[in-house]
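Single-structure report; data block below.
The values are calculated or read from the model by the stated rules, or taken from the named source; none is laboratory data. Everything numeric here is computed off the predicted structure, so don't read it as measured data. Using ideal geometry, Cβ is built from the backbone for each residue, glycine included, and neighbour counts are taken over all protein chains shown. All accessible areas refer to the heavy atoms of the entire protein, side chains included, with ligands and DNA or RNA removed. Shrake-Rupley method; radii C 1.70, N 1.55, O 1.52, S 1.80 Å.
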Amino acid sequence: MNDPLKPADFHILLALLDRDRHGYEIMKEVERESRSTVRLEVGTLYRILARLLEEGLLQEAGGDGRRRNYRLTPLGRRVVRSEAQRLAGLVDRLRARKLLPHGEV
(Lines give C-alpha, C1' and ligand atoms only; values in the text may rest on other atoms or scores of the structure.)
Protein backbone atom coordinates (compact mmCIF):
# COMPACT_ATOMS: atom_id res chain seq x y z
CA MET A 1 0.00 0.00 0.00
CA ASN A 2 1.76 3.12 -1.23
CA ASP A 3 -1.16 5.53 -1.43
CA PRO A 4 -1.62 8.00 1.41
CA LEU A 5 -4.13 6.87 4.01
CA LYS A 6 -7.33 8.77 4.53
CA PRO A 7 -7.07 10.81 7.74
CA ALA A 8 -9.79 8.79 9.50
CA ASP A 9 -8.09 5.51 8.56
CA PHE A 10 -4.73 6.75 9.85
CA HIS A 11 -6.25 7.89 13.14
CA ILE A 12 -8.05 4.58 13.62
CA LEU A 13 -4.83 2.65 13.02
CA LEU A 14 -3.00 4.97 15.44
CA ALA A 15 -5.68 4.36 18.08
CA LEU A 16 -4.94 0.65 17.86
CA LEU A 17 -1.15 0.96 17.86
CA ASP A 18 -0.67 0.32 21.58
CA ARG A 19 -3.58 -1.96 22.43
CA ASP A 20 -6.78 -3.62 21.32
CA ARG A 21 -9.88 -1.46 21.56
CA HIS A 22 -13.60 -1.74 20.88
CA GLY A 23 -15.47 0.67 18.62
CA TYR A 24 -16.46 3.28 21.19
CA GLU A 25 -12.91 3.36 22.60
CA ILE A 26 -11.53 3.82 19.08
CA MET A 27 -13.96 6.66 18.44
CA LYS A 28 -12.98 8.46 21.65
CA GLU A 29 -9.23 7.87 21.17
CA VAL A 30 -9.39 9.25 17.61
CA GLU A 31 -11.17 12.33 18.90
CA ARG A 32 -8.63 12.77 21.73
CA GLU A 33 -5.52 12.13 19.62
CA SER A 34 -6.71 14.41 16.81
CA ARG A 35 -7.59 17.17 19.27
CA SER A 36 -11.18 16.87 18.04
CA THR A 37 -10.27 17.58 14.41
CA VAL A 38 -11.41 14.06 13.43
CA ARG A 39 -14.79 13.00 14.75
CA LEU A 40 -16.28 9.73 13.64
CA GLU A 41 -19.98 8.98 13.60
CA VAL A 42 -20.84 5.44 14.68
CA GLY A 43 -21.98 4.32 11.23
CA THR A 44 -18.90 5.79 9.57
CA LEU A 45 -16.58 4.17 12.11
CA TYR A 46 -18.02 0.70 11.57
CA ARG A 47 -17.95 1.03 7.77
CA ILE A 48 -14.26 1.99 8.00
CA LEU A 49 -13.53 -0.84 10.45
CA ALA A 50 -15.21 -3.33 8.08
CA ARG A 51 -13.10 -2.08 5.18
CA LEU A 52 -9.86 -2.16 7.22
CA LEU A 53 -10.70 -5.74 8.28
CA GLU A 54 -11.31 -6.68 4.64
CA GLU A 55 -8.01 -5.08 3.59
CA GLY A 56 -6.18 -7.11 6.24
CA LEU A 57 -5.04 -4.11 8.29
CA LEU A 58 -7.13 -5.10 11.32
CA GLN A 59 -8.38 -8.29 12.87
CA GLU A 60 -11.01 -8.99 15.46
CA ALA A 61 -9.51 -9.62 18.87
CA GLY A 62 -12.35 -11.12 20.87
CA GLY A 63 -14.60 -9.15 23.10
CA ASP A 64 -16.96 -9.46 26.01
CA GLY A 65 -20.07 -10.53 24.12
CA ARG A 66 -21.43 -7.00 23.80
CA ARG A 67 -18.41 -5.46 22.13
CA ARG A 68 -15.91 -6.55 19.52
CA ASN A 69 -12.29 -5.64 20.02
CA TYR A 70 -9.99 -4.83 17.13
CA ARG A 71 -6.23 -5.06 16.76
CA LEU A 72 -3.68 -4.16 14.15
CA THR A 73 -2.32 -6.95 12.00
CA PRO A 74 1.37 -6.99 11.09
CA LEU A 75 0.35 -5.46 7.74
CA GLY A 76 -1.61 -2.76 9.58
CA ARG A 77 1.49 -1.93 11.65
CA ARG A 78 3.61 -1.65 8.50
CA VAL A 79 1.01 0.57 6.82
CA VAL A 80 0.68 2.95 9.78
CA ARG A 81 4.49 3.14 10.08
CA SER A 82 4.82 3.85 6.35
CA GLU A 83 2.19 6.60 6.55
CA ALA A 84 3.94 8.15 9.56
CA GLN A 85 7.21 8.19 7.61
CA ARG A 86 5.47 9.75 4.60
CA LEU A 87 4.00 12.47 6.81
CA ALA A 88 7.35 13.09 8.52
CA GLY A 89 8.94 13.56 5.09
CA LEU A 90 6.22 16.02 4.18
CA VAL A 91 6.87 18.01 7.38
CA ASP A 92 10.60 18.02 6.55
CA ARG A 93 9.85 19.44 3.08
CA LEU A 94 7.57 22.10 4.58
CA ARG A 95 10.31 23.10 7.01
CA ALA A 96 12.87 23.24 4.18
CA ARG A 97 10.56 25.66 2.38
CA LYS A 98 10.22 27.68 5.58
CA LEU A 99 6.47 27.03 5.78
CA LEU A 100 6.94 25.52 9.24
CA PRO A 101 9.59 26.58 11.72
CA HIS A 102 11.73 23.83 13.25
CA GLY A 103 10.09 22.35 16.29
CA GLU A 104 6.57 23.23 15.10
CA VAL A 105 4.22 20.70 13.55
What is the helix-to-structure angle for 74-96, meaning the angle in degrees between its Cα long axis and the longest Cα principal axis of the chain, kept from 0 to 90 and rounded to the nearest 10? 20
Decide, for the stretch 3-44, between rounded, prolate and oblate: order the square roots of the alpha carbon gyration tensor eigenvalues as a ≥ b ≥ c, take rounded if a/c falls under 1.5, and otherwise choose prolate if a/b is larger than b/c, else oblate. rounded
By average C-beta atoms within 10 angstrom, highest first, the peptides 72-78, 91-97: 72-78, 91-97
Gained length - residue 8 relative to residue 73, 0.36 nm times residue gap less alpha-carbon distance: 21.6 nm
Identify the trypsin sites (Lys or Arg not before Pro) of the stretch 7-63 meeting these criteria: DSSP loop state and at most 15 other C-beta atoms within 10 Å of the C-beta. 19, 35, 39
With eigenvalues of the C-alpha gyration tensor scaled by 5 and rooted, the stretch 23-93, Å: 24, 17, 10
May I ask you to derive the FRET efficiency for residue 92 and residue 33 from their Cβ-Cβ distance with R0 = 30 Å, giving the value to the nearest 0.05? 0.85
Computed over the chain: longest principal axis from alpha-carbon atoms vs helix 42-54 long axis, angle to nearest 10 degrees, is 90
Dipole size in debye (nearest 20) for the stretch 1-75 around its Cα centre, Lys and Arg Cβ +1, Asp and Glu Cβ -1? 220
Protein accessible area in the stretch 1-103, 1.4 Å probe - carbon and sulfur %: 49
Could you pull out every residue, at least 5 positions away or on a different chain, whose amide H is within less than 5 Å of the one on residue 61? Hs are placed 1.01 Å off N in the peptide plane, and Pro or chain starts have none. 69, 70, 71
Mind listing which GluC sites (Glu not before Pro) in the stretch 13-105 are in a DSSP loop and have 16 or fewer other Cβ atoms within 10 Å? 41, 55, 104
Normalised by the residues of the chain, what does the relative contact order come to in percent, with Cα pairs under 8 Å and at least six apart? 27
For the chain, the longest principal axis of the Cα atoms and the Cα long axis of helix 23-33 enclose an angle in degrees, to the nearest 10, of 20
